[in-house]
Amino acid sequence: MPRLCVFFLTLLFLGNSIMAQIPVKLSISEKGTGHPLRLPVRLTTSDGQVLIPENAEIAEIYLEKDGIPRPDASIYVDGALEFDAPEGPLSCEVAGAFRYHFFKRTYPISKGRAEISIELTPWEIGERLRRKDLPTGDVALWTYSSGLDGCLQAFQIAIPEKYDPAVPIPLRFHLHGHGGGKNVAPYADRLDSAPRDPDMIRVSPICRGDTHYQGMGEYEFFEIYNGLQKALNIDLDRVMVEGYSMGGAGTWHLAGRFPYLFSAAFPHSGYLDYRVFLWTARGMDEEGRLYRDGGYGRIFRQVSGDRLDYWRKIRGLVIEDWQVPLYERQGTMDVLENTLNLPMLFSHGIYDMSIFGGVDIENSYRAWKRFQELGYPQKYFVELPKAGLGHGGRYTAMEGSAPFKEEQDLPPDMAAIQNNLRHARRDPWPRHVVLRTNTLEYNKNAWGELDALDRHWRDTLIDVELLDKGDLQIKTRNVKQFTLNLSPELVGNRCEIPVVVNRVFSETYAIPDNRLLTLRFDGKSWVQPEQRFPENPTKRHDLQGPILHAFHRPHLYVYSTDQAKETAENAAKTLRVTNGGWLCSLMPCSQQYHPLIRRESEVKPWEMENHHLIIFGLPDSSPLLSSRVERLPISYDPKSVQFGVRTVGGEHLEMLMIYPDPVQPDRYLVWCTPGVGKDVFAQLWHLPDFVVWENGKIVFTGFFDEEWQPRND
């Protein structure tokens, strides 16, 4: 009888629980416009349990390795979501920073309260957080919704106890290594590992995981950096960046491409030259062994199995001539000139090798040799003769059998240099600036910017120096147009300035009221154009290609048929797993990535206005494509593709291309035909502006010229 009572009581309890479930509609929009927003949300019931509605999409950083959601998971709400919730208070927390103000509110859920409408206010520059709203003296986890795709991102931050919002404070970024992105995910038991400093803010970003801090990872770095400037009083002349391994590679990348933002950089055991990986592969013997001499004598590492197959594949890798500049864009070795005014300290363990997930010290040797050739000041390199044993994986000693002890400490004199660089201040107006690049994607250094190149993907240089007598001495290579910010901090209140270019051209120019001096080469002389940029499409910063660049800015997938939808979903999955293919490390790496994927008939006007368009389809089924295709300088059908003077024929051709959107010329249009396979998206890192496939093989590739017309060479 007692057992029967328990049975009926259990049924009664379950029935009451089921009866207490209330259908709820949650909607999120932007205040003022009413536009629906796609953002991560955490729902918490009155007893502290996180509510995860059935079939809800869960933010990836809240998934365990086996795909099981963590107890503190966030879900994605795309404008609106309907779900069942228990009767009682329900807490809604939206990860909207740094685009929208922090939002957390509790709503009473009852039969008479079945709708929750949240309006988020855009967070404007200058609206700093108050001291009482900040977690100081300890490590905290902050999350935010990326402006690129709405994907939930996170970073650890340690704000000193003495932080005063009225006083600028230094900032130091610590970049994690490969696989370390999960170490700064919302795991409370790992927060204590984040670095602290009593005198500066320390930040450890995820940057989407293993992105090498390029592409989407680079976008996230700057979203955090710019967001922190909104939230906190950052001393912009004391911003440092450091990292180890992949974090060292990220430090090299950011230091080489954006040196004007930092006061010092500390890349440790990082890679910066893809050619070192080819050199490593070709240095193996036939048994797959690599040898190294160091402070403990000679060791070797033995590669076998799948790893040996991989490195033999790398040894045989053929990089086509047209691909070389795309690989160089991923590295830093060819742009070290840009770091003229940036103090740098880098170290590397002698025993470090690439083959087991390490980074060969040859990377640092080559960087140090280049700095010596350039004669740059404030560059310091430390070889660690008894380090690199662990970073390169298991090893075998050639002499003796006693275990080795890894010794990574910097020598005392180098520790002093590190401390001095820690207190260095950036000079925002250096008298001498050097910018080397091969693309307008990276077009700026301090007060100098490149506006147009003679030709993309060729070695480009602008070297600008303000001489003591007040003249500008300029050297250029492959430069069509540049702009100099001649601020009073640099040249005072002067109204004109003498300029000498390449030692053969000399002229005195009036400095415009906005202090921006733009010079364009007309074939004979350098002239001041009437307007900085022409109205017709030209390659310029943030509109220069190649294909993958559109995926590294806020973008929207659009499809019109079921086949096109499948291609779009496969593209997203592939980019999530491969990050678009081999990077500077010649390693495919995964990343957190959840793009907006919309059926064309459901796309809202404001979504198209604020995103680059990635259209999957054909003109006969896509109104968006049909309204644009006549204004594209190519022609396509499955049996014939024309690109300039070149016509490619086949039985069933597929195409992928990038071009300024004819409807929105300041945005990209990427056109992907429905049959493009996963293997295409797995190698986007080294593909140009225009690619044609047939049966899984590339049959034609091409770049557009500086006016976005087909190049015929």
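Here the translational diffusion coefficient of the range 63-133 follows from Stokes-Einstein with Rh set to the Kirkwood radius across Cα pairs; for 25 °C and 0.890 mPa s it amounts to 165 µm²/s. Stretching Val318 away from His541 to a fully extended chain increases their span by 77.3 nm, per 0.36 nm per residue minus the current alpha-carbon distance.
Bridge orientation summary for the chain: considering DSSP beta bridges with both residues in this region, about 70 percent are antiparallel.
Its relative contact order, with pairs defined as Cα atoms under 8 Å and 6+ residues apart, puts the range 17-123 at 38 percent. Residues in the chain average 43 Å² of solvent-accessible surface per residue, probe 1.4 Å, ligands and nucleic acids excluded. Over the range 521-575, the hull volume per residue, using the convex hull of the C-alpha atoms, is 134 Å³.
Stretching Thr136 away from Asn695 to a fully extended chain increases their span by 195.5 nm, per 0.36 nm per residue minus the current alpha-carbon distance.
Give the Kirkwood hydrodynamic radius (Å, one decimal) of the range 457-565, defined as one over the mean of 1/r across all pairs of different Cα atoms.
For the range 457-565, the Kirkwood estimate is 16.8 Å.
If you look at the Cα atoms of the range 559-613, you get an Rg and a Dmax of 13.7, 41 Å. Structural descriptor for the chain: relative contact order 9 percent, calculated from alpha carbon pairs under 8 angstrom and at least 6 residues apart.
Maximal additional length on extending the Arg503-Asp78 stretch stands at 147.2 nm, based on 0.36 nm per residue less the C-alpha distance. Relative to the compact-globule estimate of 2.2 N^0.38 Å, the Cα radius of gyration of the chain comes out at 1.04. Convex hull volume per residue, computed on the Cα atoms of the range 377-519, equals 193 Å³.
Legend: calculated FRET efficiency, Arg289 to Lys369, from the Cβ-Cβ distance at R0 = 25 Å, rounded to 0.05, equals 0.45. Fraction of C-alpha pairs exceeding 21 angstrom in the range 45-192: 54 percent, rounded to a whole number.
In plain terms, if you count all Cα to Cα distances in the range 486-633 and split them into 10 Å steps from zero, the share in each step is 9, 25, 23, 16, 19, 8, 0 percent.
Decide, for the range 316-435, between rounded, prolate and oblate: order the square roots of the alpha carbon gyration tensor eigenvalues as a ≥ b ≥ c, take rounded if a/c falls under 1.5, and otherwise choose prolate if a/b is larger than b/c, else oblate. Since a/c reaches 1.5 but b/c is at least a/b, the shape of the range 316-435 is classed as oblate. Taking the alpha carbon gyration tensor of the range 510-553, multiplying each eigenvalue by 5 and rooting it gives semi-axes of 27, 14, 9 Å, largest first. With coordinates expressed along the principal axes, the C-alpha atoms belonging to the range 274-354 extend over 43, 38, 15 Å, beginning with the largest. Out of every Cα-Cα pair that the range 335-392 contains, those further apart than 13 angstrom amount to 60 percent.
Placing dummy labels 7 Å off each Cα toward the beta-carbon, the span from Arg307 to Glu399 is 2.5 nm. Binning all Cα-Cα separations of the range 549-671 at 5 Å, short to long from zero, yields these whole-percent fractions: 2, 10, 19, 22, 20, 15, 10, 3, 0. Placing a label point 7 Å from the Cα of Asp637 along the Cα-to-Cβ line, no residue of the range 690-713 has its backbone N under 14 Å from it.
The values are calculated or read from the model by the stated rules, or taken from the named source; none is laboratory data. Since we're looking at a predicted model, the values are computed, not measured. Virtual Cβ from ideal backbone geometry, glycine too; neighbours counted across all protein chains shown. All accessible areas refer to the heavy atoms of the entire protein, side chains included, with ligands and DNA or RNA removed. Shrake-Rupley method; radii C 1.70, N 1.55, O 1.52, S 1.80 Å.
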